[in-house]
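The values are calculated or read from the model by the stated rules, or taken from the named source; none is laboratory data. Nothing here was measured: the structure is a model prediction, and the numbers come from that model. Quick reminder, even Gly has a Cβ in these numbers, built from the backbone with ideal geometry, and neighbours come from all protein chains shown.
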């Protein structure tokens, strides 16, 4: 369904389980960045009321996820660590088209967002199936479904407002590019790392 070319090795969960504080902290910051991304999309595309409504919903949900991850951190007596650079997202950003029309930039931003949500969904699925902590397993199962909805929302709006652009071709290019960089990840206790 997600179109990702390379699945996460389940052994990544072994790395995660060695430092739950690091993965939960990284996850919290991923949710904060996702909320900020949705707000940025609103700021740059306010002429589409349906898009604004959808992005507001995603922003609220991402902030709620941030809060829920933070609550897990506090409940476990851990500390929300300082935000660290997300190298995976930075690598994806290199593929964003810097020139072209406003519409092409919009489509690319939506596909970039859809891809991050797809990979997060896939990682949450791996966690839900392989982590030994029952509370975290259930938590990541629930969030996996939410990320899948975000993925389809971003992809849907790229298609809806991308008339005149071959959105399907560009989406395939994004998937191929992600495949070329994801081989470098899945080796650290970060959500995408």
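A few comments on the model shown:
- Only one of 66, 95 that is in a helix (DSSP H, G or I) and surrounded by 15 or more Cβ atoms within 10 Å (Cβ to Cβ): 66
- In this structure, residue 52 does not satisfy being farther than 30 Å from residue 161 by Cβ, in a helix (DSSP H, G or I) and without any contact (Cβ under 8 Å) to a residue 12 or more places away in the chain.
- Restricting the first member to segment 92-106 and to residues that are on the phi > 0 side of the Ramachandran plot and modelled with pLDDT of 95 or more, and the second to residues that are surrounded by 11 or more Cβ atoms within 10 Å (Cβ to Cβ) and in a helix (DSSP H, G or I), no beta-carbon pair is closer than 7 Å while six or more apart or on different chains.
- Qualifying residue in segment 127-134 (condition: at pLDDT below 95 and assigned to a loop (DSSP other than H, G, I, E, B)): no
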